[in-house]
1. Let me make sure I get this right: for the chain, a, b and c are the square roots of the gyration tensor eigenvalues over alpha carbons, sorted descending. Under 1.5 in a/c it's rounded, otherwise prolate if a/b > b/c, else oblate. Which is it?
2. Based on the Cβ-Cβ distance of E340 and R508, what FRET efficiency does E = 1/(1 + (r/R0)^6) give at R0 = 22 Å, to the nearest 0.05?
3. On a 0 to 90° scale, report how tilted helix 136-155 is relative to the longest principal axis of the chain, with both axes built from alpha carbons and the result rounded to the nearest 10.
4. Assuming R0 = 35 Å, what is the FRET efficiency of A582 and L347, from their Cβ-Cβ distance, to the nearest 0.05?
5. If you take the square roots of the eigenvalues of the alpha-carbon gyration tensor of segment 100-167 and sort them as a ≥ b ≥ c, do you get rounded (a/c under 1.5), prolate (a/b over b/c) or oblate?
6. Within segment 673-710, which residues have the backbone N less than 14 Å from the label spot 7 Å out from V646 along Cα→beta-carbon, could you tell me?
7. Using the Cα gyration tensor of segment 68-128, with a ≥ b ≥ c the square roots of its eigenvalues, what is the shape: rounded (a/c below 1.5), prolate (a/b larger than b/c) or oblate (neither)?
8. How large is the helix-only mean residue ellipticity at 222 nm for the chain, computed as the sum of -39500 (n - 2.57) over DSSP H runs with n ≥ 4, divided by its residue count, in deg cm²/dmol to the nearest 500?
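Quick note: the coordinates plus some simple rules give every number you see, no bench work behind them. Quick caveat: nothing in here was measured; it's all calculated off a predicted structure. Counting neighbours? That spans all protein chains shown, and the Cβs are built from the backbone with ideal geometry, glycine included.
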Amino acid sequence: MPAIPKNTTKNISPDLEIPSELPVVPLRDVVIYPGTVYPLLIGRPGSLKVVEEVLENARQILLLTQKDPTIDDVNPEHLYRVGVVGRINQLLHLPSGMTKVLVEGQVRVEVTRISRKKGILSATLVPFVPGVDDSQKTQAGLRRALAVFKEYVTLNQNIPDELLLSLERLQQPQQVADYICAYTESNPAKKQEILEIPDLYQQLLAVTHLLKEEIEILKLEKSIDHMTRDKMIRSQRNYYLQEQIKVIRRELGEEEEDEDEVFVEYREKIRKARMPKEVREKAYEELDRLGGMAELSPEATVVRTYLDWLTSLPWTKRTKDALDIERGRHILDEDHYGLEKPKERILEHLSVLKLVERMRGPILCFVGPPGVGKTSLGHSIARAMGRKFVRVSLGGVRDEAEIRGHRRTYIGALPGRIIQCMKKAGTRNPVFLLDEVDKMNSDFRGDPAAALLEALDPEQNATFLDHYMDVEFDLSEVMFLTTANYEEDIPAPLLDRMEIIRLPGYLRNEKLHIAQKFLIPKQIKANGLKTGQLEVSKEALYRMIDEYTREAGVRELERHIARICRKVARKIVEKHSKTPVAVSLSALKELLGVAPYPDRRLKLAKQVGRATGLAWTSAGGDVLTVDVTLMRGHGELVLTGQLGDVMKESARAALTYLRERAEHLGLDRDFFRGREIHLHIPEGAVPKDGPSAGITIAAALYSAVSGKALPQDIAMTGEITLRGEVLAIGGLPEKLIAAKRAKVKKVLIPRENLPQLSEISREVRRGLKVLPVDSLDQVLDILNG
């Protein structure tokens with residue numbers, strides 16, 4: 001907007017001498033009219049150069065408006081051809097490098113040619129004087145424009161009333177028209193159109209029309225402002241009156257009778273929820289707070305959500321336990337084959353519960369490889385006890401608030417997963433499964449494992465406090481179950497509160513039974529087949545177990561059975577065949593392709609430099625072989641096969657033992673001198689680590705050095721010391737299962753592990769001769785026998 005005039009108005013003489021050529025200063029988003037003073041901020045190098053040059057002369061410049069204000073590098077075609085000659089009255093250099101000038105518009109001119117000289121735009125110009133008619137028509141247009149402009153100034157709060165006083169001092173109609181156009185807030189393109197009109201009457205008509213458009217916009221803005229203000233005042237008035245009515249009703253004792261429907265509904269919910277006294281008082285306190293809030297306020301929504309959570313939790317509702325031991329045994333056997341130890345523990349719990357009627361829920365942790373039935377066992381336990389079942393997967397959880405909730409001060413806050421699942425269960429004594437408890441992580445947001453301690457500790461969980469609920473909730477009747485793949489990855493404080501039950505994996509015949517009884521019927525139904533349309537022979541199932549899967553559980557086996565069912569379904573649909581499909585050994589390759597794990601039976605013939613060991617993997621147990629070769633060298637021990645640090649240390653310990661006991665074992669004292677010993681464990685792409693291969697490595701080294709062949713049907717596992725002692729190992733059940741699967745006859749185990757044999761099923765031990773050993777000398781004696 002032009003600078004607001006004080007007490008004087010610039011009257012430019014029509015006889016003002018105008019040069020025929022002037023330097024050009026392009027303008028963005030502004031149109032300057034004659035007779036007005038306007039502040040400009042100049043920053044473009046060309047424009048700054050123009051200003052500096054004209055200061056030494058008449059200070060006159062040509063002001064032309066750009067057609068497109070976004071263009072920085074202006075060319076002649078980017079400028080309008082009608083502009084105003086301006087005179088620089090003041091100049092101020094700013095710290096930012098820009099220059100602020102105060103220019104005074106003098107006269108209209110029309111450009112005939114624009115050229116660029118030394119980086120400056122220069123224009124040849126001629127005067128542009130609109131025609132003036134002193135007829136009554138022009139006077140009428142002038143009066144109308146003045147009346148409309150006065151209305152515009154009255155409505156526009158950005159324009160001071162002093163403008164009207166300056167307007168009254170103007171004598172010439174053209175000056176009045178230019179003045180009105182200069183102080184009208186509008187689109188620069190429209191103002192440029194008015195500047196270029198060659199007739200004064202037409203200018204007055206155009207500016208009057210422009211003013212009327214702006215007045216309509218101002219009236220609409222004012223109407224919207226009034227409506228908004230009225231709505232706010234009405235809302236505040238209604239709230240104030242409602243508060244007065246509540247106070248009057250409270251004084252008259254009528255508040256309960258005429259209470260709002262929402263509050264009556266919440267009071268009824270609170271009454272039916274049968275909350276503890278402290279929780280009920282908290283609920284009524286929040287309900288009173290809700291009564292003092294505007295219905296649509298964000299805080300009211302937060303309070304209503306909180307009350308919904310309080311009233312929906314099972315504070316007293318519980319299911320009656322089914323304590324029939326025989327029924328429980330039948331359900332567990334119906335759902336799962338084997339798993340005798342977990343079943344025995346559940347039946348013990350039912351028995352105790354029947355005698356004492358109420359006991360604090362135990363925390364059982366099922367540990368085992370994937371696919372052995374840990375999660376599904378939780379469903380079966382809930383069904384056997386007649387309780388509701390809920391499950392939370394903790395894999396990847398790293399925020400404490402996931403367990404204990406967010407405080408209500410946070411936007412979108414909710415209770416933690418424990419409280420959410422209790423609401424989902426609808427009872428206070430469900431079977432609650434915390435899945436993958438070994439896969440939690442901690443970071444700057446807290447440690448979820450630490451948050452679980454309160455929930456899983458029988459001494460504390462009767463007063464579990466969720467951050468969102470902010471009231472205590474009793475979890476003492478909940479039966480918590482947890483699952484994990486690796487016991488070592490469970491945090492120690494959490495492990496201390498749980499009873500570990502290990503699920504080692506299934507034997508070959510157990511997998512066969514599970515496939516026949518559970519997996520095949522399940523997949524026949526899932527793939528739309530009917531009973532009798534698919535028959536899989538026992539031999540085909542054994543081949544699938546041995547050569548198409550390598551796992552402790554049955555997930556991969558189930559996927560292969562599902563694949564067979566899909567192929568059979570396609571055959572039935574395409575050929576419209578109703579003949580039952582029998583899957584035999586010969587059909588497996590066609591249905592499932594080449595076996596990924598072909599049967600690699602142990603070579604029973606004795607071999608020099610090779611020993612058979614047992615290993616524990618995430619998929620259960622496995623059999624590994626250790627190969628040792630001697631060659632000429634510089635007394636080095638080379639270890640290959642992606643061995644971990646612990647296994648490398650076992651190899652060095654075994655070599656040290658053999659060198660120290662060389663004479664006793666009948667070996668050359670200098671067998672290591674001038675030789676290089678290469679120890680390799682096959683399947684080099686698979687990382688291997690752990691101390692339990694110690695005696696296997698020592699046996700292979702002994703065989704290679706002594707030249708004595710070792711029997712390959714004797715597998716062994718055990719850690720060794722430098723003195724040749726054999727120490728206890730872990731994963732014994734899985735290793736014995738692997739030995740049985742590989743048709744090994746004898747297994748050497750540390751004597752310290754002997755008590756664990758009684759906990760391993762007879763089916764695993766049948767056909768295996770397990771020999772306990774104390775020392776490496778004893779191991780070598782057995783192998784040489």
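1. Prolate.
2. Working: r = 17 Å, r/R0 = 0.79.
After rounding, the FRET efficiency stands at 0.80.
3. Helix 136-155 and the main axis of the chain meet at about 40 degrees.
4. E(calc), rounded to 0.05, equals 0.30.
5. oblate
6. Residues 688-695 fall inside that zone.
7. Oblate, since a/c reaches 1.5 and b/c is not below a/b.
8. Values: 26 runs with 318 residues, N = 785.
Taken over the chain, the calculation gives -12500 deg cm²/dmol.
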